[in-house]
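Encoded as structure tokens, the structure appears first; notes follow it.
Each reported figure results from applying straightforward, stated rules to the coordinates on display, with no laboratory input. As the structure is a computational prediction, the values presented were derived from the model and not from experiment. Glycine gets a Cβ as well: all are built from the backbone with ideal geometry, and neighbour counts include every protein chain shown.
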Amino acid sequence: MTEKEKIQEETKKMLVKWKSKRGSLIMALHEVQGAFGYVPWDAMEVISKELDVPMARIYSVLTFYNFFKLKAPGKVIISICDGTACHIKGAPGVIEAFKKELNVGEGETTADGLFFLQIVRCLGCCGLAPVVVINGKTYGKMTADRVPEVIKEWRETMAAENKGE
Amino acid sequence: MVELSQDQIEKLKALGRTQKETLIKLGEQFKEDIKKYKAFIYTCNATSCHSGGASGVIDAFNEALATAGLTDEVRMVCTGCMGLCASGPLARVEIQGRKPFLYQHMTPELAKKIVQEHIVPALKQGTDVTANLPEELKKNELSLDLPFFTKQRKIVLRLLGHSDPENLGEYIANGGYQGLMKALTMKPEEVLDIISRSGLRGRGGAGFPTGRKWSMLAASPLVDGEKFMVCNGDEGDPGAYMDSCILGGGSHAVLEGMLIGAYATGATSGWFYIRAEYPLAIQRMELAIKQAKRYGILGRNIFGSDFSFMADIRYGAGAFVCGEETALLASVEGNRGTPHPRPPYPTQKGLFQKPTAINNVETLANIAPIIVNGPEWFSEVGTETSKGTKVFALTGKVKHSGLVEVPMGTTVGTMVEDIGGGTSSGKPFKAVQTGGPSGGVIPASEFGLPLCYEELKKIGSMMGSGGMIVMDADDSMVEIAKFYLGFTVDESCGKCAPCRIGGYQMLQLMKKIAAGEGTKADVAKIKEIGEAMKKASLCGLGQTAPNPVLSTMKFFKSEYDALLKDGNEPDEKTPEAPKPAACSVNTK
């Protein structure tokens, strides 16, 4: 089975429960992104057919909402909060430090496909500002100085995981 | 929409009126079950404490209790938000007959020590051991007599931090679903009347009277046999997390509020629209709906009445504009979240073109207590026009950053100085921002201002959903205004020109000023654009986007002046109007 067929078959399975429900396009997109990490074009084709929604509308919805990704992000997703509380407690400095350390911009993946950097608005733990979440792990009261050490930690974690495989 | 299976419907019919009794029994069973416990450990596992490592603390408590052989004597509870997020993870120890004792900055090691040196001796000796605690534990005590705790009044947050949000029996034992049961014994009009008389206004920010909104929905006839309730849980305001905590720690209370509203208005089904960035809130609401279906709280003929209702969840996808009601409805329908002009109002033509009432999470959480305790009980709290309490997320440069609920009319000063405990830096306060990107600043000189809808609007800010960001002497107000404007420009949906173009141009001028390149003419231009945006934008996002800029310009003019190239020049020095040169322009 080709990669495309795999994606399409899996997507079709996910859509069963959304087919009969009103206004379920966004929910279906959430489910697809949850499974693949992004919304692949191949999946969009299936969604269009199954939910009877034009491709153009799917694309317009995907690009309207910040949450959806059209490209596969890196394995390690770094979400830096730039909500107000984090902002006034030093998030801009943390963002710059990550950009410099990884040599990527916002919404980009490093050349080795390992790190994906995104800036988010408020993660709801303002007491820990500034906050960075990396693959579900939270780093509270983050500083620019700690950035190289955190990146190193994740490089090692991923290297260990690769070996394990 | 969720449909019940035939099998489920039959089961419900067979159960008939006993559904209500089953539920009451569930609560009684819970009370019976906890009688065996001599002590309780409540650990906060809301987003902030969880991020700070609460899971490890909970595991350590459980392990230490098992080692000490106390699992049958001590109840371990993972709760919703306890409030003082800056000191998290938090854990409260309650030993029968003793004063509750709160620990801050919890670690797994500390949890073990607490079991060994606080709980075990207390249960063995049967005396108050808190005076003789080892230094290690004592230094992590957080006094419950702090103004942070004593100056609050909790209606919405009543059960958060005191109960297990996943335990329906516990909710029932604490008076849960009493509001719905009581409402179902009344006529829908009577319920509407109680909500109207309570003076409850929308907690999402605009403050529209809830009773009036519901009456409007009640007056709209069903379309194709349908009418809807929608709960707005799209808390996109950066620096605000009240709804996240209310949904995560008290999902049943919000569901109960929606059910009462549906009964009063004749709505047939409901949707909870929750930010996808709040996985815990979504998970808890999904669980609440599942439990409610199982016990016949949702479904056909609820508690044996003629009232039937179903609810489902829709996720947001990261668009601030979806907090605006018409944009939110577009999003629930699965479309781009762009607003449309009102009228028609959603109560006439809303979701799928059918009558719909949209209520904020906190608004719905207030409903059941009002029904149970009566409208007078609620309207006694607050000011003349703003009744009840309001939940705020107090954050920024304040010592006791966290989630607080205070009576309406509490002054800004009480909030930041008493409850907040002063600035975290020790430097003087400069201002407080309320209403997020739609609001404005309250300078330190105005800290006597009572927190209520009218007063905040008068000063150029707004109540907003409850974000309250504290700024100290180090913060540049121009920078803050630029930050907020950058946010709204980013989040503008682009549908109407005043917001799309006005916001962008205003931001360019703000950047110019912040870089020290601005002039007085730029300031004047910003004000002009701001006024135009306020008047001409299609929805609340564009209408309020200029607020942070205009409000900082009003109260912190000197900060802007200091950055202007011609800021120190007196006003008279504006260049003379050019003399009209006769026919110097191409008139040919």
**Study point:** Residue-span extension gain [residue B:96 to residue B:385] - 0.36 nm each, minus C-alpha spacing
**Key:** 99.9 nm
Exercise for review: Could you please report the charge total around residue B:157, scoring K, R as +1 and D, E as -1 over all other residues with beta-carbon less than 14 angstrom from its beta-carbon?
Suggested key: +3
Revision key, fill the gap. Yeah, chain B with a ≥ b ≥ c from its alpha-carbon gyration tensor (a/c under 1.5 is rounded, else prolate when a/b outruns b/c, oblate otherwise) is oblate
Exercise for review: Please give the FRET efficiency for residue B:66 paired with residue B:138, using the beta carbon to beta carbon distance and R0 = 22 Å, rounded to the nearest 0.05.
Suggested key: 0.30
Check your understanding: Sorted from fewest to most neighbouring beta carbons within 10 Å, what does the list B:367, B:172 look like?
Key -> B:172, B:367
Exercise for review: Treat each spin label as a single point 7 Å out from the Cα along the C-beta direction, and report the residue B:109 to residue A:135 distance in nm.
Suggested key: 2.7
**Study point:** Distance between modelled label sites at residue B:131 and residue B:294, nm, 7 Å Cα→Cβ extension
**Key:** 4.7
Check your understanding: Helix-derived [θ] at 222 nm for chain A: sum -39500 (n - 2.57) over DSSP H runs of at least 4, divide by residue count, nearest 500?
Key -> -16000 deg cm²/dmol
**Study point:** Electrostatic dipole magnitude of the range A:76-164 [Cβ: Lys, Arg +1; Asp, Glu -1; Cα centre; debye, to 20]
**Key:** 220
Check your understanding: Cα centroids of the range B:227-255 and the range A:46-83: how far apart, whole angstrom?
Key -> 24
Point to revise | Neighbouring partner chain Cβ atoms per residue of A:78-91, average, 10 Å criterion | key: 6
**Study point:** Other protein chain Cβ atoms within 10 Å, averaged over every residue that makes up B:316-329
**Key:** 2
Review point. So which GluC sites (Glu not before Pro) in the range B:481-559 are both in a DSSP loop and have at most 13 other Cβ atoms within 10 Å of their Cβ?
Key: B:517
**Study point:** Cysteines in chain A lacking a second Cys C-beta under 4.7 Å
**Key:** A:122, A:125, A:126
**Study point:** Taking chain A and dividing mean pair separation by its residue count, relative contact order in percent (alpha carbons under 8 Å, at least six apart)
**Key:** 18
**Study point:** Cα centroid of the range B:542-567 to Cα centroid of the range B:32-87, whole Å
**Key:** 48
Revision key, fill the gap. In the neighbourhood of residue B:205 defined by beta carbon distances under 13 Å, the net charge of the other residues (Lys, Arg +1; Asp, Glu -1) is -3
Check your understanding: Stretch residue B:116-residue B:340 to full length: gain in nm at 0.36 nm per residue minus the Cα-Cα span?
Key -> 74.5 nm
Exercise for review: Would you mind calculating the gained length between residue A:145 and residue A:112 on full extension (0.36 nm times residue separation, minus the Cα-Cα distance), in nm to one decimal?
Suggested key: 9.5 nm
**Study point:** Relative contact order computed over chain B (Cα-Cα under 8 Å; 6+ residues apart), in percent
**Key:** 13
Exercise for review: With an 8 Å cut-off on Cα pairs and a minimum separation of 6 or more residues, tell me the relative contact order of the range B:134-215 in percent.
Suggested key: 14
Check your understanding: Averaged across the residues of B:394-400, what count of C-beta atoms belonging to other chains lies within 10 Å of each residue's C-beta?
Key -> 4
Point to revise | Nonlocal amide H pairs with residue B:313, under 5 Å, H built at 1.01 Å | key: B:272
Exercise for review: Quick one: among A:19, A:71, A:137, which has the greatest mean-square fluctuation in a GNM of chain A with alpha-carbon springs under 10 angstrom?
Suggested key: A:137
Check your understanding: When a footprinting reagent is the concern and you count Cβ atoms within 10 Å, what order do B:533, B:408 take, fewest first?
Key -> B:408, B:533
**Study point:** Cα Rg over Rh - the range B:168-379, Kirkwood
**Key:** 0.93
Practice item. Compute the FRET efficiency between residue B:29 and residue B:562 as 1/(1 + (r/R0)^6), taking r as their Cβ-Cβ distance and R0 = 45 Å, and round to the nearest 0.05. Key: 0.10
Review point. How high is the FRET efficiency from residue B:531 to residue B:445, r the C-beta distance, R0 22 Å, rounded to 0.05?
Key: 0.30
Practice item. Note down the nm distance, to one decimal, between modelled labels 7 Å out along Cα→Cβ at residue A:6 and at residue B:515. Key: 4.8
Practice item. For the range A:40-165, just say rounded, prolate or oblate: build the C-alpha gyration tensor, square-root its eigenvalues into a ≥ b ≥ c, call rounded for a/c under 1.5, and beyond that prolate if a/b exceeds b/c, oblate if not. Key: oblate
Practice item. Specify whether the C-alpha gyration tensor of the range B:297-348 places it in the rounded, prolate or oblate class, a ≥ b ≥ c being the square roots of the eigenvalues: rounded for a/c under 1.5, otherwise prolate if a/b is larger than b/c and oblate if not. Key: oblate
Revision key, fill the gap. In whole Hz, the Karplus estimates of ³J(HN,Hα) for the range B:189-198 (6.51, -1.76, 1.60; θ = phi - 60°; x where Gly or Pro) are 4, 5, 5, 4, 5, 5, 5, 4, 5, 5
Check your understanding: Given B:448, B:280, B:351, which one lies farthest toward the positive end of the charge dipole of the protein assembly as shown, if we put +1 on the Cβ of every Lys and Arg and -1 on the Cβ of every Asp and Glu?
Key -> B:351
Point to revise | Order of A:131, B:361 - criterion: other Cβ atoms within 10 Å of each residue's Cβ, fewest first | key: A:131, B:361
